[in-house]
Amino acid sequence: MSDLGRVLRLDARRTALLVAVPVLTLVGIAAAASSLTPSVAYWDDSVVALLDAVRLLGPLAAGLAAWTAVRERPLDYLRHLTARSPATGVLFDLLLLSVAALAAYAAVTTVVAGITVVHAAAGGPPALGVVAGAGTLVLHVVAGYLAGRAFPHRATAAMVLAAASLWSALRVPGAAWWSLLPPAAFERVHLFAALRPAVLADQVALSVGLTAALVLWYVVWATRRLVTVVPLAVAVAVAVIAGVGLYGSGGGTVSPVPAEPVCREWPLTVCVHPALREALPALMAVATPLAARLDGTPGAFTRVEQRPAWIPAEIVDGVAGVHLDEDLAPGFEERAVREIRDGLLDGSACAGPRRPVSDGYGGLVDAWLTGEEPPAVPDERAARRFASWGELRRREWLRLRFARYRSCSLGADDFGAGSPGRGLNAYAPRTAPRTTREVGDEKPSA
């Protein structure tokens, strides 16, 4: 009866897993939420957030497993009363602990996937990334439990938790190949990029190989059966090959990939990454006035396209490139318009201070194009003249002065001051047809 009571107490201790599952779930959700970008639904980035949660869940799961092993280690003598293998009880404990950890991981995965789906996700969920996180979590459980079996002291669980947490904290995304050892630190996946499948496959193989090697090593030690040495060698070989693959990656976890954009066709054509489709209405609203003001000038455009960060944003063949904030931070529309406007300028001629030659006269044009307040200029009469012109007159003026505007060389005389032949009167509307002589007089100065 005493032995039966001990067995019942042993089974009752396993009910602590019912408490561990919700605790691990809440911790994992909090860790994943801190890595998610709320306004962007990108599957690869969501998987990285899930793997970041594993970096916190792993040490907790290892500490829980070590604590369970320390508590049950003194009751091992009961298992010798049965005809079962001495490794059966340990394997059963590992199964229960792994199921508990994976249940919490599944709950966290469901929450992350739900948030991503609600925001109209782009791309596809990389299944290898989810499996890599699960394998890392099980590896922590096995390593923590076996550490508790090897050192059955109360302080073991705390030491395992501290060691696993330190090992996880040392990870730096993209720093070196060893940062990809479980629990791996993955770089945030930016738009127009994706997780490298080869790295995820090596992650899965390494976690599975190490987990199998630890379990088989314990079975060999507990049963003294050499027949399990062969699968142990295979597991070690798989882990070594996967480690060599991670070493060859150099720590890189992402690679650029093309993305089929989503577009809005009228009155302009505006195209963005599928994850940023919510930006289309606002971007269309601010780009249309700028396109109308540039109509008929060398800087005219009829299409706006989002470009990856590594491709310059410029206007080429009527297509204006922009870079958008991945989190669509407030004011992204104004920043996109300024970027299109800056794409009109010659970078080599305007290098250094913003307007080194024109003393800010080009800023009058900038303010008109973007709808901002005009800056102060040395000649206030030039600013007043430009402000008194209508839209058609300004477009015609910019068409003739575009080369000087592009090279940041506009001056007060370009607005009519001190040069009557090229000033305000030269662009005044006329009712009578102009002669060839008059047209020649309007030839812009270079």
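The values are calculated or read from the model by the stated rules, or taken from the named source; none is laboratory data. Not measured: the values here are computed from a predicted model. Neighbour counts run over all protein chains shown; Cβ positions are idealised from the backbone, glycine included.
List of remarks:
- Which numbered condition A101 misses (of (1) modelled with pLDDT of 90 or more; (2) of a type outside the set (D, E, K, R); (3) surrounded by fewer than 23 Cβ atoms within 10 Å (Cβ to Cβ)): (3)
- Scanning segment 194-212 for residues that are exposed (fewer than 15 other Cβ atoms within 10 Å of the Cβ) and either modelled with pLDDT of 95 or more or not in a helix (DSSP H, G or I) (or both) turns up nothing.
- Among the candidates V240, V220, the residue that is over 30 Å from D44 (Cα atoms), part of a helix (DSSP H, G or I) and either outside the structural domain of I311 (by TED's automatic domain parsing) or of a type outside the set (D, E, K, R) (or both) is uniquely V220.
- Residue list for segment 242-284, filter: more than 30 Å from E334 (Cβ to Cβ) and surrounded by 14 or more Cβ atoms within 10 Å (Cβ to Cβ): A242, G243, G245, L246, Y247, S249, G251, T253
- In segment 311-344, the residues that are farther than 26 Å from W43 by Cα and touching a residue at least 60 places away in the same chain (Cβ under 8 Å): L344
- All conditions but one from (1) within 23 Å of the chain's Cα centre (by Cα); (2) assigned by TED's automatic domain parsing to the domain that holds A213 apply to T228; the one that does not is (1).
- Of all residues making up segment 276-308, the number that are under 17 Å from W368 (Cβ atoms), of a type in the set (D, E) and either in contact with a His (Cβ under 6 Å, 6 or more places away or on another chain) or without any contact (Cβ under 8 Å) to a residue 60 or more places away in the chain (or both): 0
- Residue within segment 285-292 that is closer than 21 Å to R404 by Cα, loosely packed, with under 15 Cβ neighbours inside 10 Å, out of contact with any Pro (no Cβ under 7 Å at 6 or more places or on another chain) and not assigned by TED's automatic domain parsing to the domain that holds G124 present: yes
- The condition of being assigned by TED's automatic domain parsing to the domain that holds L64 and in a loop (DSSP other than H, G, I, E, B) holds for only one of V215, V189, that being V189.
- Pairs with Cβ under 6 Å, 6+ apart, first in segment 398-409 and of a type in the set (A, V, I, L, M), second in a loop (DSSP other than H, G, I, E, B): L398/T297; L400/P444
- Pairs are defined by a Cβ separation below 7 Å, a sequence spacing of at least 6 or placement on different chains, a first member in segment 179-202 that is touching a residue at least 40 places away in the same chain (Cβ under 8 Å) and more than 15 Å from A164 (Cα to Cα), and a second member that is assigned to a strand (DSSP E or B) and among the aliphatic types (A, V, I, L, M); the pairs so defined are E187/V254; V189/L195; V189/V254; A193/V254; A194/V254; L195/V254; R196/V254.
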